[in-house]
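Down below is the structure, laid out as structure tokens.
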Amino acid sequence: MNTVKPNYTRALDIKHGRVDMSHGSGGRAMAQLITELFSSAFDNEYLAQGNDGATLPHADGHLVMATDSHVVSPLFFAGGDIGCLSVHGTINDVAVMGAKPLYLSASFILEEGYPLADLKRIVDSMAQAARDAGVPIVTGDTKVVEQGKGDGVFITTTGVGVVRDGIHLSGDLAQPGDKILLSGSIGDHGMAILSQREGLTFSAPIVSDTAALHGLISVMLDSGAKLRVLRDPTRGGLATTLNEIAKQSGVGMMLHESAIAVNQPVEAACEFLGLDPLYVANEGKLIAICAPEDAARLLEVMRAHPLGGAASIIGEVQEDAHGFVQMTTKLGGRRVVDWLAGEQLPRIC
Amino acid sequence: MKYVDEFRDGELARNISANIAREADSKRNYRLMEFCGGHTHAISRYGIADLLPSNVRMIHGPGCPVCVLPIGRVDQAIRLAREHGVILCTYADTVRVPASDNLSLMRAKANGADVRMIYSTQDALKAARDNPGREVVFLAIGFETTTPPTAVAIKQAAAEGLKNFSILCDHVLTPAAMHAILAVEGGVEIDGFVGPAHVSTVIGSKPYEPFADDYGKPVVIAGFEPLDVMQAILMLVRQINDGRAAVENEFTRAVTREGNLKAQELVAEVFELRDMFEWRGLGSVPNSALKLRSRYAAFDAELKFKVDYVAVPDNKACECAAILRGQKRPQECKIFGTVCTPENPVGSCMVSSEGACAAHYSYGRFREAA
């Protein structure tokens, strides 16, 4: 008698298996990877449609769309991993436009040989982050590259959101006199990554701040404060993001060093490596520029939210034909806070 | 941050600032050179110029390792990486120093050379152990601060019998450079020196005594924190007012007269003086740099790969040389901030954040705009 079960497929060996070229070939192995690893984790009605794209319901308002590729190394770090980071990063890019993030897509480039167990951890982390944020991953793609042609896992996520009428935020709207607010301490993500990179022989109790900011942004929008610009200071840090805004708006800025929070281990690690926390990446912080009369109210709303507890007013927008971002130092002097030049490299002595 | 915040305190800074303003004689100028790039960086980053009266002027010195490295030295490293296929390891900013043919180590890397930025000589040794089939060369640059770790690496390599490790030795000496600056003909008027911080922890304060005794220039050794620098400036103003020239030590928490004897012995065991070394800005200076002793010649990449040093003139428009001698200020260079920027440095002073041009561009250029 034939004991073979019809339609039986041996389950993916997540514990010991590795990504191989067949997982990107479009055949049965790929279908299995998608079903057993991705779909089961991301599970939602749009993904369940099982088509090449997701059909989404009608949405009221202007659509906002943003995309972000994630190539972080190491893939797992204190406070998060590439999975949750790729969800938070894109949600934040949509949310700082003043939009309510609605849907995400996720595209994976996997390196041949990458352990499935680690991939599952990443996917589960993404799924959890998306569920916590209430923003489902509705469509996706998977490609596999040969060993040595990737760095384990690259993830690109794209987000769609909707802006309700009456909200218009843009980097070119900062006006002289406006106040500049920051939602918390700077440099946590970048230093968490750097302190875990191979080749650095010190360990520091630094945890990435990776977080989805749309909840905080939603209460800020609801406060009625006249917000002009929101932006998350990721790569290049606070300094670079403020320079971008100053350039877009054709204004200068004056910051106050004593108002900018830097956690002590971050400050110490930066000191050690000769880095300036102003240029170190954040993944769960935002900059808000608002009309001066509303700054106090906005600050209060931010501080009442768990992700804005350490918010502060860090400076003012001012007229400046040169578009300089400047800072009064704790010491009582003044300096330019310039664009990041190249990569921030440690100094020698 | 404990032990650091104390040296960045705004209120204390205002006190020292008030003392400097009160004690500086308004009828004269005080031209003080901070030798070290670390001081240049601190002065710019904390806006110390704003806390000094206009007649106390800081002149940036040549104490920035990558700034004084002439083009020909970087070319040597690039040749090693490209033509000899070595794994070229070096510290940080060195990878951005402009070299011949519009190259830098960073650009050579983009073109396929194996250039690795490391934090410690131990990383270079590890690369050699991990890649027994390949040659690893450490581009060893820096003043007396970075020399002892190189000496340690050489001794370790010798003890382990590492055959695929060598160094391109560009270690240079601070006192020799200070002599060279004072010897420049028609040179810059300097009333006193803010002496090096980290370098002095190794060599001590004694090597500066000739500058006070023979040249009559006050020297105050200072730490790299902003209050260290300000206190040193006040001490220099006092010496100058009194007509004194002595070596004083503001950085007593780390510097003694004799310095770190163990480190000095280690360096003396592994290195000896080079007869001549070309500096950017200062030209060829006798006895101003180190090379490996013959006992360690097997670790000398210049000998091992026969890459000779070929002098290359600086870009004609670049004023790095005069700036490194203290004769010109960055903003007096025609290409400062236009052709030459931190993104596209023409001269080495625009590379490191310790370089006079990069520090002024990144932190202080609002002063010209005002």
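The values are calculated or read from the model by the stated rules, or taken from the named source; none is laboratory data. As the structure is a computational prediction, the values presented were derived from the model and not from experiment. A quick note on method: Cβ atoms are made from the backbone with ideal geometry, for glycine too, and the neighbour counts reach across all protein chains shown.
Points worth noting:
- Taking segment B:113-216 and the strands (runs of 3 or more DSSP E) fully enclosed by it, the elements with 3 or more residues that are within 25 Å of residue B:294 (Cβ to Cβ) are at B:136-142, B:165-171.
- Once segment A:312-338 is narrowed to residues that are in contact with a Leu (Cβ under 8 Å, 6 or more places away or on another chain) and in a loop (DSSP other than H, G, I, E, B), the residue that is farthest from the other protein chains (Cβ to nearest Cβ) is A:337.
- When residue A:285 is tested against (1) charged (D, E, K, R); (2) under 17 Å from residue A:176 (Cβ atoms); (3) surrounded by 20 or more Cβ atoms within 10 Å (Cβ to Cβ), exactly one condition is not met: (2).
- Selected residue (criterion: farthest from residue B:253 (Cα to Cα)) from residues of segment B:9-29 that are of a type outside the set (A, V, I, L, M) and more than 11 Å from chain A (Cβ to nearest Cβ): B:27
- Exactly one residue out of B:78, B:118, B:87 is in contact with a Gly (Cβ under 8 Å, 6 or more places away or on another chain) and assigned by TED's automatic domain parsing to the domain that holds residue B:138: that is B:118.
- Of everything listed in (1) away from chain A (no Cβ under 11 Å); (2) assigned to a helix (DSSP H, G or I); (3) modelled with pLDDT of 90 or more; (4) surrounded by fewer than 16 Cβ atoms within 10 Å (Cβ to Cβ), the single unmet condition for residue B:6 is (3).
- Condition check for residue B:364: over 23 Å from residue B:172 (Cβ atoms), surrounded by 18 or more Cβ atoms within 10 Å (Cβ to Cβ) and within 14 Å of another protein chain (Cβ to nearest Cβ): yes
- In segment B:316-334, the qualifying residues are those that are surrounded by fewer than 17 Cβ atoms within 10 Å (Cβ to Cβ) and within 21 Å of the chain's Cα centre (by Cα), and the one that is nearest to residue B:279 (Cα to Cα) is B:322.
- Restricting segment A:288-302 to residues that are buried (at least 17 other Cβ atoms within 10 Å of the Cβ) and either within 14 Å of chain B (Cβ to nearest Cβ) or of a type in the set (Gly, Ala, Ser) (or both) leaves a set whose member that is farthest from residue A:188 (Cα to Cα) is A:295.
- Members of segment B:30-49 found to be within 11 Å of chain A (Cβ to nearest Cβ) and in a strand (DSSP E or B), listed by number: B:36
- Condition check for residue A:68 on (1) of a type in the set (Asp, Glu); (2) more than 22 Å from residue A:118 (Cα to Cα); (3) not in a loop (DSSP other than H, G, I, E, B): one failure, at (2).
- Near pairs, Cβ below 8 angstrom, 6+ apart or cross-chain, from segment B:21-34 (in the same structural domain as residue B:241 (by TED's automatic domain parsing) and hydrophobic (A, V, I, L, M, F, W, C)) to any residue that is assigned to a loop (DSSP other than H, G, I, E, B) and modelled with pLDDT under 95: B:32/B:190; B:33/B:188; B:33/B:190; B:33/B:326
- Residue check, residue A:124 at pLDDT 95 or above, surrounded by fewer than 20 Cβ atoms within 10 Å (Cβ to Cβ) and either under 30 Å from residue A:221 (Cα atoms) or of a type in the set (Gly, Ala, Ser) (or both): no
- The condition of being assigned to a loop (DSSP other than H, G, I, E, B) and within 14 Å of chain B (Cβ to nearest Cβ) holds for only one of A:269, A:261, that being A:261.
- Of the residues contained in segment A:211-233, one or more are found to be crowded, with 17+ Cβ neighbours inside 10 Å and without any contact (Cβ under 8 Å) to a residue 60 or more places away in the chain.
- Scope segment B:96-112; condition within 14 Å of chain A (Cβ to nearest Cβ), assigned to a helix (DSSP H, G or I) and surrounded by 17 or more Cβ atoms within 10 Å (Cβ to Cβ); matching residues: B:96, B:105, B:106, B:107, B:109
- Residue within segment B:73-95 that is part of a loop (DSSP other than H, G, I, E, B), surrounded by 20 or more Cβ atoms within 10 Å (Cβ to Cβ), at pLDDT below 95 and within 12 Å of chain A (Cβ to nearest Cβ) present: no
- Helices (runs of 4 or more DSSP H) contained in segment B:299-364 and holding at least 2 residues at pLDDT below 95 and not aromatic (Phe, Trp, Tyr): B:320-324, B:356-359
- Count of residues meeting criterion [assigned to a loop (DSSP other than H, G, I, E, B) and farther than 17 Å from residue B:360 by Cα] in segment B:55-72: 5
- The conditions of being closer than 30 Å to residue A:319 by Cα, over 19 Å from the mean Cα position of the chain (by Cα) and at pLDDT 95 or above are not met by residue A:115.
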